[in-house]
Structure formats: structure tokens, C-alpha cells
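All of the numbers you see were taken from the coordinates with simple rules; none came from a lab. Since the model is a prediction, treat every value here as computed from it, not as a measurement. No Cβ is skipped: glycine too gets one built from the backbone with ideal geometry, and neighbour counts run over all protein chains shown.
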Amino acid sequence: MIYIVLNLVPILAATLLGLALGYLHHRFAGGGARMPSPGLIVTAALGEFWLASILAGALILAPPKADPWIMAVGSAVVIWAGFVLPLLAITLGYRGVPVRLIARDCGHWLILMVAQAVLMKSMGLVPPPA
């Protein structure tokens, strides 16, 4: 996990971007003016940091099979489709959340992950030493 330390600045930038997009999503898509609790904000920040770290690792390890930007965006989409989408659909569906709200939240996470991938790719990521 040394790659996290080596790429701390892009990962933190992606974390902040994720938190900003999450705030906008909360503000305009259902949360209104109600401010989340401090505990939820800390949990969200830690979660965003971890997701950005995992995404950074995937971007570093992505094989050079296509254009690097295609691989960066594609990696975000694959992780979203393989993990985030099913988790949200199952968990929120089990809790009885309406399908349109599940779709909205899934769309938010897709946009967020692609934006994080683009940001970290544009800032540059350093692979761990061999």
C-alpha cells in the first residue's frame, strides 16, 4: 500500500472532489439545506479517501492495452459497475428505496468515480518501486 503514500496528493485531491460532488448531490438531489452530522462527514471523508485510494491503485495497474485516458475512465466504470452499482442496488432496494432514487444515487457515484479518475490521471500517479 506504499502507492497510497506516494500518491497522497492526487488521492487527497480526488477525496476533496468526491466530497464536493457528494455535497452538491446531497444539496440538490434530496438532502436540501439540512447539514449532515459531523460523524457522517468524517465517515464520508474516510470512505472517499479509501475509494480514491483503490481507484488510484487500479489506474496505476491498468494494462497499457488502450489509450491511457480510455483505461483511466474505463477502470472507474468497471469498478463502479462491478462493485458500487450492485452494492447500492441491493442495499437500497432491500431498504425499500424507490428505483428512481437508487438510479440517481448510482448515477452520482458513476459521475464521482469518473471525475476522480480524470483528476488523478491528470495530476499523475506514481507506481510503487519494483
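Quick one: helix 85-94 against the long Cα principal axis of the chain, what's the angle to the nearest 10°, folded into 0 to 90?
Once rounded, one gets 20 degrees.
Roughly how big is the chain's charge dipole about its Cα centre, with Cβ charges of +1 (Lys, Arg) and -1 (Asp, Glu), in debye to the nearest 20?
Values: 7 positive and 3 negative charges, 61 e Å.
Roughly 300 debye for the chain.
Per the helix-only calculation at 222 nm, which mean residue ellipticity applies to the chain, given -39500 (n - 2.57) for every DSSP H run of n ≥ 4 and division by its residues, nearest 500 deg cm²/dmol? Show your work: numbers first, answer last.
On the way: 6 runs with 97 residues, N = 130.
The per-residue figure over the chain is -25000 deg cm²/dmol.
Which listed residue (122, 58, 28) has the Cα farthest towards the positive end of the charge dipole for the chain, taking +1 on Lys and Arg C-beta and -1 on Asp and Glu C-beta about the Cα centre?
Towards the positive end, the residue furthest out is 28.
Using only Cα atoms, find the angle between the long axis of helix 38-61 and the longest principal axis of the chain, and express it within 0 to 90 degrees, rounded to the nearest 10.
Orientation of helix 38-61: about 30 degrees from the principal axis.
Roughly how tilted is helix 99-123, in degrees to the nearest 10 and between 0 and 90, from the longest Cα axis of the chain?
30
State the label only: which of (1) 9.6; (2) 8.6; (3) 8.1 corresponds to mean projected area of the Cα convex hull in nm² computed from the shown model?
Matching entry in (1) 9.6; (2) 8.6; (3) 8.1: (2).
Taking the simple approach of a point 7 Å from Cα along Cα-to-Cβ for both residue 9 and residue 97, what is their distance in nm?
Each label point is offset 7 Å from its Cα along the Cβ direction, giving 3.5 nm.
Need the full-extension length gain, residue 70 to residue 90, defined as separation in residues times 0.36 nm minus the C-alpha distance. One decimal, nm. Write out the running numbers ahead of the final one.
Values: separation 20, 0.36 × 20 = 7.20 nm, distance 2.86 nm.
Computed gain between residue 70 and residue 90 is 4.3 nm.
Taking the simple approach of a point 7 Å from Cα along Cα-to-Cβ for both residue 1 and residue 50, what is their distance in nm?
Placing both labels 7 Å along Cα→Cβ, they lie 1.0 nm apart.
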